[in-house]
Amino acid sequence: MPKVVYVDESGVERAVDAALGDNVMASAVRNGVPGIVGECGGNNSCATCHVWVREEFLDAVGAPGDLEDDLLDLGVEDRRPGSRLGCQIEMTAELDGLVVDVPPSQY
Amino acid sequence: MLRKEINDLLTQTGPGTKMGELFRRYWQPVLLAEELPANDCPPVRVKILSERLIAIRDSDGNYGLMDEFCAHRGVSLWFGRNEEGGLRCPYHGWKYDYTGQAIEVPSEPATSNFCENVKLKGYPLVKLGDVLWTYMGDPANQPPLPEWEAYTVSEKQNFTSKRLQECNWLQALEGGIDSSHVTFLHSGNLNTDPLFKGSKGNEYNAGDLKPFFEVVDYEGGLLIGARRNAEEGHYYWRVTPWVLPNFTMVPPRADHPMHGHFWVPIDDDNCWAWSFDYHPTRELTDTEVEAMRAGKGVHSANDDAYRPLANKDNDYLMDREAQRRGETYSGIHGIALQDSSLQESMGPVVDRTKERLVATDAGIIKARQKLRKAALALAEGVEPIGNRPEDQKVRSVAIVLPKDQPFVEGIGEAMVAKPGVPQTTV
């Protein structure tokens, strides 16, 4: 099971074993990681599962899709080069060890 | 949700705002021709994009739209005398022609050229179909006159109305690109409204509460496809075109006239819901026009100031019995009022930082982003889209397609408005 590490604003790391094919939002919500809301249930509609993907993983994770890109522009407070919606990052074996920073707020 | 600064950007359209500057690159409907019915008729107050203006039709039939207030000491020219080739302020007799140029200041000596240097802000006012249109931007950027199909067909093929909507324009627009609500809010009317009933599409509409949205870029804006289950192996697609900034069309039903809207900001808290019906290949029947005048379909029954008779001051004539019986889902009668009652209930400008969007809001998300980008780009000197005649030759489409066929491929050129060619409808 690939591991995802969520880092909050004070630097606290929470590692979660994600099921293959699960996404970064769902694994956080299932494991009670604070700061990831996932209001729309992973439908790429609400922008409340925003994460900053660490630079070293950006190539492997890839760029946001079209609608996701719009949501990042419209709905998140502090868009950065590593900004993604967690629900749109599907966990694969290659992403094992993925580290993402969780923004202080999703609203 | 939408960040506050973007909500402000999209909803504020007064002079000098970014969205206001974008709107000022497009011809907008401003009056029904019936509001200026004859030469030298009374002037009409107009408020649009937060500017207070006065419209006249002079002795020679020239239409003009100018600053509402006299250049002298600021009285409203609504009190003016429209006669002998211009509008005369009743205070001291200053007279303006239809462009806003002062042509007489009677107190000045006959030899004075004072009035040559007095000009009110003025905008062109042009009749197309039964509607008067204006362009409020820099004349250097004035696009060609609009070529919406609804206004290039004969006047007997078109019926246009307008109604006051007491909320920001974007709330109204977002209703126009949200096919999802039809299954609920308008469910009572699909099979009873004379301008909607009798379409096989209504059955698909009522039978699938979970439409799937697919949104694609198109010439002047977006094509918003809403997919619902049809017969085995097929989907029913309703394709709504949105052309920047504020034109939308409802997908057709059977051979009824097709309808659409312009959502025109009056100020940031009010808009005009312009509603048109037209048939691309035939004149409207007397029965259809009668129904439209009576407020059926996308129209409404209004008072003389074009405010709906059912409005927020009388709770839109809420009918709880009809709601209970299921004749109308919300208890409000009439498709147009069902929409505006709910959109007004959100408040003048809804706080979009608190909304909770779902997958069926994809069209709304894409449209907001396109508006935002266009407004920001214009501020950087990038020309907008949607104001070129080729962007405007677009139609809505209703079609049943095999499940494996993408709608953009399946509709072919059905969304292109072609003179004499019937609409693609179910």
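The values are calculated or read from the model by the stated rules, or taken from the named source; none is laboratory data. Quick caveat: nothing in here was measured; it's all calculated off a predicted structure. Every residue, glycine as well, gets a Cβ built from its backbone with ideal geometry; the counts of neighbours run over all protein chains shown.
Which condition number does B:Tyr98 fail, the rest of (1) more than 19 Å from the chain's Cα centre (by Cα); (2) surrounded by fewer than 23 Cβ atoms within 10 Å (Cβ to Cβ) being met?
Of everything listed in (1) more than 19 Å from the chain's Cα centre (by Cα); (2) surrounded by fewer than 23 Cβ atoms within 10 Å (Cβ to Cβ), B:Tyr98 misses just condition (2).
So which of B:Lys373, B:Lys366, B:Lys354 ends up being under 30 Å from A:Gly42 (Cα atoms) and buried (at least 20 other Cβ atoms within 10 Å of the Cβ)? Walk me through how you get there before you give the answer.
Working: B:Lys373 fails: buried (at least 20 other Cβ atoms within 10 Å of the Cβ); B:Lys354 fails: buried (at least 20 other Cβ atoms within 10 Å of the Cβ).
Only one candidate passes the filter, namely B:Lys366.
Rundown of residues vs (1) within 12 Å of the chain's Cα centre (by Cα); (2) part of a loop (DSSP other than H, G, I, E, B); (3) under 27 Å from B:Arg372 (Cβ atoms); (4) at pLDDT 95 or above, yes/no style:
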| residue | (1), (2), (3), (4) |
| --- | --- |
| B:Pro241 | no, no, yes, yes |
| B:Asp255 | no, yes, no, yes |
| B:Trp263 | yes, no, yes, yes |
| B:Cys271 | yes, no, yes, yes |
| B:Ser275 | yes, no, yes, yes |
| B:Lys296 | no, yes, no, yes |
| B:Ala310 | no, yes, no, yes |
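So, in region B:373-398, exactly how many residues are under 23 Å from the mean Cα position of the chain (by Cα) and either assigned to a helix (DSSP H, G or I) or among the aromatic types (Phe, Trp, Tyr) (or both)?
9
List the residue pairs whose Cβ atoms are under 6 Å apart, where the first residue sits in region A:59-79 and is within 17 Å of B:Lys370 (Cβ to Cβ) and more than 13 Å from chain B (Cβ to nearest Cβ), the second is assigned to a helix (DSSP H, G or I) and polar (S, T, N, Q), and the two are 6 or more positions apart or on different chains.
Every condition considered, no pair remains.
Considering every residue within region B:24-46, establish whether at least one is under 30 Å from B:Gly220 (Cβ atoms), among the acidic types (Asp, Glu) and exposed (fewer than 15 other Cβ atoms within 10 Å of the Cβ).
Checked region B:24-46: at least one residue is under 30 Å from B:Gly220 (Cβ atoms), among the acidic types (Asp, Glu) and exposed (fewer than 15 other Cβ atoms within 10 Å of the Cβ).
Take region A:2-38 and flag every residue that is within 14 Å of another protein chain (Cβ to nearest Cβ) and free of Cβ contacts under 8 Å to residues at least 24 places away in the same chain.
none
Need pairs with beta-carbon distance below 9 Å; first residue among the basic types (Lys, Arg) and within region A:89-107, second exposed (fewer than 14 other Cβ atoms within 10 Å of the Cβ); sequence gap 6+ or separate chains.
Correct list of pairs: empty, since none qualify.
Identify all residues within region B:85-127 that are over 30 Å from B:Pro144 (Cβ atoms) and among the charged types (D, E, K, R); write none if there are none.
Once the filter is applied, which keeps residues that are over 30 Å from B:Pro144 (Cβ atoms) and among the charged types (D, E, K, R), region B:85-127 yields B:Arg88, B:Lys95, B:Glu104, B:Glu108, B:Glu116.
If B:Leu401 satisfies all but one of (1) part of a helix (DSSP H, G or I); (2) touching a strand residue (DSSP E or B) at 6+ places or on another chain (Cβ under 9 Å), what's the number of the condition it fails?
Result: B:Leu401 passes all but (1).
Can you tell me how many residues in region B:62-95 are crowded, with 16+ Cβ neighbours inside 10 Å, in a loop (DSSP other than H, G, I, E, B) and in contact with a helix residue (DSSP H, G or I) (Cβ under 9 Å, 6 or more places away or on another chain)?
Total meeting the criteria: 4.
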